[in-house]
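Quick notes on the structure that follows.
The values are calculated or read from the model by the stated rules, or taken from the named source; none is laboratory data. Since this is a predicted model, take the numbers as computed values, not measurements. Every residue, glycine among them, receives a Cβ derived from its backbone with ideal geometry; neighbour counts consider all protein chains shown. Only protein heavy atoms, including side chains, enter the accessible area calculation; ligands, DNA and RNA are left aside. Shrake-Rupley method; radii C 1.70, N 1.55, O 1.52, S 1.80 Å.
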Amino acid sequence: MSNRLSAAFAKGHPALVAFITAGDGPTAAVLDALVAGGADLIELGMPFTDPMADGPAIQQANLRSLAAGTTTADILALARDFRARHPDVPLVLMGYANPMTRRGPEWFAQAARDAGVDGVICVDIPAEEDDSLGDALRAAEIANIRLATPTTDAARLPRVLDGASGFLYYVSVAGITGKQQAAQASIEDAVARLKAATDLPVAVGFGVRTPEQAAAIARVADGVVVGSAIVELVGQHGEDAPRHVRAYIESLSSAVRAARKEIV
């Protein structure tokens with residue numbers, strides 16, 4: 001398996017994980033802006049007609065991308081070109097089962113590997129149905145990144161962790177992506193519980209919008225995930241989005257790095 005994911009969490013500071021939707025706006029330029037701004041790891045969303053875990057911002061990004069005709073082949077081409085430009089930055093595909101399995105999980109896993117993808121997050125395949133995609137990902141040496149939520153109790157957590165790799169994504173609110181954010185105390189408790197159960201890095205997302213929020217999470221977690229706020233910038237600024245995205249990511253990156261220095 002590529003060591004790019006592990007390297008992203010071994011820089012001496014928590015990883016800043018940035019999400020955008022493929023095919024929404026000038027994707028290649030936005031990806032470059034994320035790297036230039038200081039993102040340590042990038043999640044590239046695969047647009048889908050029914051993104052049930054996502055709030056209005058990402059739903060609209062999905063619709064814009066699909067209206068522009070974005071296909072799985074286009075997404076893989078974006079990934080392949082990104083890998084050529086940024087050989088050391090980890091790239092994860094995030095999305096839903098239908099686009100990932102409709103041609104067969106083996107086809108998707110191999111195509112993702114050929115494109116230089118490091119990991120996959122499939123939102124709607126539960127751990128109990130791992131064989132529908134997880135086996136193919138592992139065979140292709142692609143990380144099978146799992147989600148844990150506030151409702152993932154002690155009885156189910158071992159099943160979520162079984163076969164997981166790369167990192168564990170803690171969804172800090174029981175709801176859709178967007179402006180809602182969990183209380184810091186609940187995040188701290190959850191991260192402590194998860195880190196006691198696994199050696200995988202724990203990244204926290206959903207509802208992170210400001211440098212202050214990112215810094216607070218960075219003090220306790222291995223990574224901070226930001227998505228909707230970036231997607232909103234792409235929707236607002238269109239072709240001019242890259243410079244706005246870069247400035248925003250720079251503010252988050254500085255906050256995350258400073259937060260870890262505070263506790264060293």
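For the reader, a short list of remarks on this structure follows.
- Single residue of segment 193-206 satisfying the filter (open to solvent by less than 60 Å² (accessible area, probe 1.4 Å) and out of contact with any helix residue (DSSP H, G or I) (no Cβ under 7 Å at 6 or more places or on another chain)) that is nearest to G55 (Cα to Cα): F206
- Filtered by the rule that a residue be closer than 17 Å to V171 by Cα and in contact with an Asp or Glu (Cβ under 6 Å, 6 or more places away or on another chain), segment 96-125 gives a lone residue, Y96.
- Neighbours by Cβ (under 7 Å, 6+ apart or cross-chain): first from segment 142-169, closer than 19 Å to L44 by Cα; second open to solvent by 80 Å² or more (accessible area, probe 1.4 Å) and of a type in the set (V, I, T): none
- Among residues of segment 31-61, those that are of a type outside the set (A, V, I, L, M) and at pLDDT 95 or above, counted: 7
- Residues of segment 207-232 that are open to solvent by 20 Å² or more (accessible area, probe 1.4 Å), under 20 Å from A8 (Cα atoms) and assigned to a loop (DSSP other than H, G, I, E, B): R219, V220, D222.
- Near pairs, Cβ below 9 angstrom, 6+ apart or cross-chain, from segment 230-242 (closer than 22 Å to F206 by Cβ) to any residue that is of a type in the set (D, E): V231/D24; V234/D24; G235/D24
- Filter result for G163 (at positive phi, open to solvent by less than 30 Å² (accessible area, probe 1.4 Å), assigned to a loop (DSSP other than H, G, I, E, B) and modelled with pLDDT under 95): no
- Close pairs from segment 30-41: first farther than 10 Å from L252 by Cβ, partner hydrophobic (A, V, I, L, M, F, W, C) and in a loop (DSSP other than H, G, I, E, B), Cβ under 6 Å, at least 6 apart: V35/V89
- Figure legend. Inter-residue proximity from segment 187-215: first residues under 18 Å from I20 (Cβ atoms), second residues among the small types (G, A, S) and assigned to a strand (DSSP E or B), beta-carbon distance below 6 Å, spacing 6+ or different chains. Indicated pairs: A203/G223.
- Residues in segment 28-44 that are in contact with a Ser or Thr (Cβ under 9 Å, 6 or more places away or on another chain) and under 14 Å from R83 (Cβ atoms): L44 only.
- Count of segment 68-95 residues which are within 17 Å of D50 (Cα to Cα), open to solvent by 10 Å² or more (accessible area, probe 1.4 Å) and within 18 Å of the chain's Cα centre (by Cα): 2
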